[in-house]
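This report concerns only the one structure given below.
Nothing in this text is a laboratory measurement; each read-out follows from the coordinates by a stated rule. These numbers were taken from a predicted model, which means no experiment stands behind them. All Cβ positions, even for glycine, are placed from backbone atoms using ideal geometry, and neighbour counts span all protein chains on display.
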Amino acid sequence: MTDNQPTLAACPFCGGEADKPKRRAWGRGAYYVVFCGNDSCNAGGPNSGDTKQEAIDAWNTRPDEAVIKELVAYCGNLRKYVANGQEGSMSHSSHEDWLNEVDDILARLPERLKE
Ligand SMILES: [Zn+2]
């Protein structure tokens, strides 16, 4: 990578250095995408950059691990609740409680992702 190129984050899968964005044809369109430079990894994406900078920004955007862990924990609890098919067996006593928690999580996510 030369000094005048924007900084690319390391590959989230192998930690390797990313290549500069490449133009790819896809269906009737085309987009720029960043790929990992490690040939044995070859991770890439997301496939949504109309410009090289958009591809770089997309590559460099990583999910907030705390938010994902919160969602995974919630979905696990919700699955148990649905699988049990009964109210009051989990941390919430009714469907209304679960709906309130979903609404609360959805309301807080945009702020959490900006942190
Ligand atoms: Zn990689």
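Which FRET efficiency value, to the nearest 0.05, do you get for N100 and R62 by plugging their Cβ-Cβ distance into 1/(1 + (r/R0)^6) with R0 = 30 Å?
0.50
When N is the residue count of the range 1-62, what does its C-alpha Rg come to as a fraction of 2.2 N^0.38 Å?
Here the answer is 1.05, to two decimals.
How far apart, in nanometres, would the label points at S48 and A30 be if each is projected 7 angstrom from Cα along the Cα-to-Cβ direction?
My value for the distance between the label points is 2.2 nm.
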